[in-house]
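Trainee: One structure coming up, written as structure tokens, with questions to follow.
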């Protein structure tokens with residue numbers, strides 16, 4: 001073994017969504033996005049660069065992965081090898097402390113942790129900014145899981161230009177993501193294929209054209225802790241992304257009947273005075289973003305709805321971090 | 001009494017949707033639309049022009065209407081009086097043979113029948129083309145309930161230019177609209193207010209820009225009786241309209257949980273070989289447009305779903321017609 005490192009990284013939930021690429025290969029997004037890391041939830045990944053000979057291996061939650069999952073990890077390792085000047089195979093062992101299929105995008109946390117661990121295991125030290133661009137190559141939204149707290153991911157025409165950076169620390173605003181799980185099924189169309197379909201919607205160009213203005217509105221609302229302004233732009237941006245999805249050809253419908261029930265309930269609860277709004281990724285589960293003071297009430301009300309399988313809680317989370325390094 | 005006439009007109013279901021006006025006052029639509037009259041369902045309306053003195057009156061389904069409903073009818077009568085050179089009040093008595101609140105837009109049938117009856121009761125004979133423009137002033141989609149069968153309503157910048165005309169007779173294609181009623185509640189936001197909100201969506205311009213091409217595709221599919229092409233463009237156009245609705249500010253969500261279930265089922269049934277597709281107006285009920293040979297099977301499958309309140313059937317319908325005239 002040449003070197004080994006362990007890193008952990010949290011998934012994130014986007015307030016201003018990433019949907020569609022200007023370059024699928026480099027995962028250069030069509031528009032900038034803004035997210036919050038999900039504290040308490042994380043992927044923990046050990047990367048071991050091995051003596052030459054043999055191929056890469058990938059173990060996820062205690063199970064050896066082959067096929068498409070290994071290929072995707074291996075392709076990402078290729079990009080890291082090129083950057084690091086490493087010519088060795090790697091053993092990757094990763095586990096999530098959150099349930100698989102809970103509607104939490106695990107690839108962001110996975111590729112952020114993998115990138116940070118692989119760089120450390122090679123004995124290299126790269127800027128956070130460069131780490132975000134490298135993580136992006138594995139999974140676009142992984143760029144946002146590298147910096148801390150509330151994170152902006154820039155859209156650009158170059159690899160170097162499309163990086164992510166923190167706009168506020170985790171303690172900047174006491175929000176909680178109360179996640180209503182309504183399905184544990186794997187989504188019928190994965191995110192990578194979904195991103196490639198975005199331009200088949202007549203509506204994508206208009207969604208992208210307004211994204212920068214929405215991001216500025218959302219960023220200001222986060223910095224001002226202005227929940228009313230935040231809720232309006234977050235729900236609007238989520239609706240826009242799903243509008244693009246359901247008007248793509250073929251259409252992508254990620255909502256299930258209980259998804260609609262929860263979205264409608266959240267709007268009603270906010271009208272009644274609770275600080276809560278919804279946002280949805282490419283799946284049916286509903287992320288209810290609440291003021292911490294209202295999180296328990298929102299959670300209780302969600303539990304009272306039928307067809308809710310589980311409710312998870314996540315406060316703002318920290319950056320991807322190296323836990324240990326061992327370079328003999 | 002100066003003159004009296006009775007007319008009947010069917011509601012219609014749009015395959016290419018009308019949503020948003022270029023002129024709210026004249027109800028000049030943002031884009032052209034295409035529809036099918038719903039045979040067997042109709043509004044029957046008696047208009048009596050009275051001796052001068054007194055105001056208009058409006059009786060709907062045996063009940064005297066006042067307030068907003070009477071005002072809307074009276075405003076439409078004003079437009080007809082101007083065109084006809086009539087200076088008398090009118091008594092309007094209308095009834096629908098289809099259940100109110102069944103998710104069938106009744107205003108199209110109502111204003112088509114009212115217009116045709118009022119003109120006949122004044123002893124006037126106008127071209128069908130002009131009747132469609134007059135009906136449009138009362139309710140935009142009423143223009144489409146005047147001609148027979150499958151109808152195109154043109155978008156234009158002038159009152160005269162925005163008329164409707166039949167593109168095919170009712171027997172041109174054996175389709176059936178199998179209407180799945182999932183709610184009898186009145187919609188939270190009526191169509192007139194909805195049309196006015198269309199431009200608050202960033203996506204409306206893109207929807208409108210593509211409407212003419214979708215209409216041509218749909219028209220050709222109707223004329224060719226090409227169900228596969230028809231289904232794709234009809235569902236896509238419905239999805240586009242609802243995408244605009246849910247991204248308006250404030251957003252308009254017309255779908256209920258069973259709406260999603262039915263849409264998903266219809267897509268699956270079509271994949272299994274049934275000739276069926278869905279389209280939705282500004283409400284939660286689902287119009288399942290079927291080949292006549294598959295209508296019974298679709299109806300049976302809809303009845304088997306929970307949360308279906310009722311299922312109605314309508315084949316292509318005829319034009320608005322004068323049933324009787326009495327000018328003493």
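The values are calculated or read from the model by the stated rules, or taken from the named source; none is laboratory data. For clarity, every value in this text was computed on a predicted model and none was experimentally measured. Cβ atoms come from the backbone with ideal geometry, glycine included; neighbour counts cover every protein chain shown.
Trainee: As an exercise: evaluate residue A:98 against (1) under 21 Å from residue A:190 (Cα atoms); (2) surrounded by 21 or more Cβ atoms within 10 Å (Cβ to Cβ) and give the number of the one condition it does not meet.
Mentor: Residue A:98 satisfies every listed condition except (2).
Trainee: Conditions: (1) away from chain B (no Cβ under 11 Å); (2) in a loop (DSSP other than H, G, I, E, B). Residue A:284 meets all but one. Number of the miss?
Mentor: Answer for residue A:284: the failing condition is (1).
Trainee: Still on this structure: Please determine, by comparing only the residues of the stretch B:207-221 that are in contact with a helix residue (DSSP H, G or I) (Cβ under 7 Å, 6 or more places away or on another chain) and either under 15 Å from residue B:17 (Cβ atoms) or at pLDDT below 95 (or both), which one is farthest from the other protein chains (Cβ to nearest Cβ).
Mentor: The initial filter retains those residues of the stretch B:207-221 that are in contact with a helix residue (DSSP H, G or I) (Cβ under 7 Å, 6 or more places away or on another chain), namely B:207, B:214, B:217-218, B:221.
Right, trim to either under 15 Å from residue B:17 (Cβ atoms) or at pLDDT below 95 (or both) and you get B:207, B:214, B:217-218.
Details: B:207: 7, B:214: 9, B:217: 12, B:218: 15 Å.
Among residues in the stretch B:207-221 that are in contact with a helix residue (DSSP H, G or I) (Cβ under 7 Å, 6 or more places away or on another chain) and either under 15 Å from residue B:17 (Cβ atoms) or at pLDDT below 95 (or both), the one farthest from the other protein chains (Cβ to nearest Cβ) is B:218.
Trainee: Considering only the stretch A:261-307, state which residues are within 17 Å of residue B:261 (Cβ to Cβ) and crowded, with 21+ Cβ neighbours inside 10 Å.
Mentor: Residues satisfying the conditions are A:262, A:263, A:284.
Trainee: It is to be established whether one or more residues within the stretch B:59-78 are over 28 Å from residue B:153 (Cα atoms) and buried (at least 17 other Cβ atoms within 10 Å of the Cβ).
Mentor: Yes, the stretch B:59-78 contains at least one residue that is over 28 Å from residue B:153 (Cα atoms) and buried (at least 17 other Cβ atoms within 10 Å of the Cβ).
Trainee: With respect to the numbered conditions (1) touching a residue at least 60 places away in the same chain (Cβ under 8 Å); (2) away from chain A (no Cβ under 14 Å); (3) surrounded by fewer than 21 Cβ atoms within 10 Å (Cβ to Cβ), which one is the sole condition not fulfilled by residue B:189?
Mentor: (2) is the only condition that residue B:189 fails.
Trainee: At pLDDT 95 or above, out of contact with any strand residue (DSSP E or B) (no Cβ under 7 Å at 6 or more places or on another chain), away from every other protein chain (no Cβ under 14 Å) and within 18 Å of residue A:36 (Cα to Cα): is that true of residue A:319 in this structure?
Mentor: Considered against the rule, which asks whether it is at pLDDT 95 or above, out of contact with any strand residue (DSSP E or B) (no Cβ under 7 Å at 6 or more places or on another chain), away from every other protein chain (no Cβ under 14 Å) and within 18 Å of residue A:36 (Cα to Cα), residue A:319 comes out as yes.
Trainee: While we're here: Would you please name the residue that is modelled with the highest pLDDT, looking only at residues in the stretch B:173-186 that are closer than 28 Å to residue A:238 by Cα and crowded, with 17+ Cβ neighbours inside 10 Å?
Mentor: Per the stated criteria, the residue is B:182.
Trainee: Among the residues of the stretch B:282-294, which ones are over 25 Å from residue B:254 (Cα atoms) and touching a residue at least 60 places away in the same chain (Cβ under 8 Å)? Quick ask: steps written out before the conclusion?
Mentor: Residues of the stretch B:282-294 over 25 Å from residue B:254 (Cα atoms): B:291-294.
B:291, B:292, B:293 - these are the residues of the stretch B:282-294 that are over 25 Å from residue B:254 (Cα atoms) and touching a residue at least 60 places away in the same chain (Cβ under 8 Å).
Trainee: Ok, one more. Among the residues of the stretch B:29-58, write down those that are out of contact with any helix residue (DSSP H, G or I) (no Cβ under 8 Å at 6 or more places or on another chain) and more than 12 Å from residue B:88 (Cα to Cα).
Mentor: Let us first name the residues in the stretch B:29-58 that are out of contact with any helix residue (DSSP H, G or I) (no Cβ under 8 Å at 6 or more places or on another chain), namely B:36, B:38, B:40, B:50-54.
Across the stretch B:29-58, the qualifying residues are B:36, B:38, B:40.
Trainee: Report yes if residue A:218 is part of a helix (DSSP H, G or I) and buried (at least 22 other Cβ atoms within 10 Å of the Cβ), otherwise no.
Mentor: Spelling it out, residue A:218 is indeed part of a helix (DSSP H, G or I) and buried (at least 22 other Cβ atoms within 10 Å of the Cβ).
Trainee: Right, here's the next one. Hey, does the stretch B:196-206 have a residue that's away from chain A (no Cβ under 14 Å), assigned to a loop (DSSP other than H, G, I, E, B) and either modelled with pLDDT under 95 or within 21 Å of residue B:36 (Cβ to Cβ) (or both)?
Mentor: no
Trainee: Restricted to the stretch A:226-273, and to residues that are touching a residue at least 60 places away in the same chain (Cβ under 8 Å) and not in a helix (DSSP H, G or I), which residue is nearest to the other protein chains (Cβ to nearest Cβ)? First the steps, then the outcome.
Mentor: First, pick out the residues of the stretch A:226-273 that are touching a residue at least 60 places away in the same chain (Cβ under 8 Å): A:227, A:230, A:233-234, A:237-238, A:240-241, A:244-245, A:252, A:254, A:256, A:258-259, A:262.
Then drop every residue that is not not in a helix (DSSP H, G or I), which leaves A:252, A:254, A:256.
Working: A:252: 10, A:254: 11, A:256: 7 Å.
So the residue we want is A:256.
Trainee: Another question about this same structure. Mind counting the residues in the stretch B:308-320 that are touching a helix residue (DSSP H, G or I) at 6+ places or on another chain (Cβ under 8 Å) and crowded, with 23+ Cβ neighbours inside 10 Å?
Mentor: Going through the stretch B:308-320, the residues touching a helix residue (DSSP H, G or I) at 6+ places or on another chain (Cβ under 8 Å) turn out to be B:308, B:311, B:313, B:315-320.
After this cut, where a residue has to be crowded, with 23+ Cβ neighbours inside 10 Å as well, the list is B:316-317, B:320.
So the answer is 3.
Trainee: While we're on this one: Go through (1) crowded, with 20+ Cβ neighbours inside 10 Å; (2) assigned to a loop (DSSP other than H, G, I, E, B); (3) more than 14 Å from every other protein chain (Cβ to nearest Cβ); (4) without any contact (Cβ under 8 Å) to a residue 40 or more places away in the chain for residue B:162 and report which single condition fails.
Mentor: The failed condition is (4).
Trainee: For residue B:307, all conditions in the list (1) in contact (Cβ under 8 Å) with a residue 24 or more places away in the chain; (2) on the phi < 0 side of the Ramachandran plot hold save one; what is the number of the exception?
Mentor: (2)
Trainee: For the stretch B:269-328, enumerate the residues that are over 22 Å from the mean Cα position of the chain (by Cα) and under 30 Å from residue B:114 (Cα atoms).
Mentor: B:324, B:325, B:326, B:327, B:328
Trainee: Out of the stretch A:76-98, which residues are in a helix (DSSP H, G or I) and out of contact with any helix residue (DSSP H, G or I) (no Cβ under 8 Å at 6 or more places or on another chain)?
Mentor: A:78, A:81, A:82
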